[in-house]
Amino acid sequence: MDISLVTEYFKMHYNHTTVKETAAHFGYSESHFCREFKKIMGISPQEYLVGMRVQNSVEHLLKSKQSVLHTQLKMGYLSDGSFSNRIKKSMTLSPKQLTKQSEALFVNYKLHENDETVEDEYEAPDVTLNVVCSEQFEGIIFVGLFKKPLPNQPPVIGKAVVKFDKERTLCFHDVPPGKYYCLACVIHKTYNPLKLFVHKDNLRGKIDAPIIIPGKYEETLVLRRPLPTDPPITLNLPLMFINSLKNHSFEYRADSDKK
């Protein structure tokens, strides 16, 4: 299977194709197609396809200023409940909430994007990351530990790195037991609110092997330009960043909103 051709097909036909139709287009049975796709990507083709729909739905909602119903139908969703749930699961906010709150989130985010990151003093972190990038850029790096190699829901634990100059050490402590995938994305400095919520062209990175806790890890996380086979990033990173300011350490935990 040429995965780059498959992902390109999904990007072009995300709003009207199905996994079964895509498998047939490439000459596979649906079951074989799903097995091969997951073997290569680590996620199912359905998860990838849903990610593409969510990513483009968010972009269309914030860019076109058209109604939620118009976006829902354009993205191939016949049920408003299904559409709203898909968006909220990834972005924390419903489509209506996202359109109403995006400008306020942008203003709040811009107020704090130059704040200093404060690291608490701990001993023996569970995960130590040496974050590196050969490119100079201005922006905030978001790094998280996810349950799947797909950033479509908030991480179990994540951090924002505000000051970065080619290399930075980042530590995760008190990580709950489990199997995680380390993924990163940069929000580049911008005055375009859309760029805070849609991350198609952003620098990103990942640790290929899963991280299993309990255990101690020290890894190098390389930030790079996106590849054609990268899964879509569908997270409300500005909201996660703003919520993390409550503990003054730019750290986000999945249960933080429940406290």
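Odds and ends about this structure:
- Filtered residue count, region 10-33, keeping only those that are crowded, with 16+ Cβ neighbours inside 10 Å, in a helix (DSSP H, G or I) and of a type in the set (Ser, Thr, Tyr): 1
- Under the condition of being farther than 15 Å from Val143 by Cα, among the β-branched types (Val, Ile, Thr) and in contact (Cβ under 8 Å) with a residue 40 or more places away in the chain, the residues counted in region 191-233 number 3.
- Evaluation of Asn108 against (1) surrounded by 18 or more Cβ atoms within 10 Å (Cβ to Cβ); (2) in contact (Cβ under 8 Å) with a residue 40 or more places away in the chain; (3) within 21 Å of the chain's Cα centre (by Cα) (one fails), failing number: (1)
- Residue match in region 225-242 (condition: under 25 Å from Lys38 (Cα atoms) and among the basic types (Lys, Arg)): yes
- The requirement of being touching a residue at least 24 places away in the same chain (Cβ under 8 Å), out of contact with any Phe, Trp or Tyr (no Cβ under 6 Å at 6 or more places or on another chain) and over 21 Å from His188 (Cα atoms) is not satisfied by Phe83.
- Every residue from region 61-96 that is assigned to a helix (DSSP H, G or I) and either of a type in the set (Lys, Arg) or in the same structural domain as Phe241 (by TED's automatic domain parsing) (or both): Lys63, Lys74, Arg86, Lys88, Lys89, Lys96
- Only strands (runs of 3 or more DSSP E) whose full extent lies in region 161-259 are considered here, and the ones with at least 3 residues that are surrounded by fewer than 18 Cβ atoms within 10 Å (Cβ to Cβ) are 167-172, 178-188, 217-222.
- Within region 41-80, restricting attention to residues that are free of Cβ contacts under 8 Å to residues at least 60 places away in the same chain and under 15 Å from the mean Cα position of the chain (by Cα), the residue that is surrounded by the most Cβ atoms within 10 Å (Cβ to Cβ) is Ser57.
- Condition broken by Gly158, with the remaining ones in (1) in the same structural domain as Ile207 (by TED's automatic domain parsing); (2) in a helix (DSSP H, G or I); (3) not basic (Lys, Arg) satisfied: (2)
The values are calculated or read from the model by the stated rules, or taken from the named source; none is laboratory data. This structure is a prediction, so every number in the text was calculated from the model and none was measured. All Cβ positions, glycine included, derive from the backbone under ideal geometry; neighbour counts span all protein chains shown.
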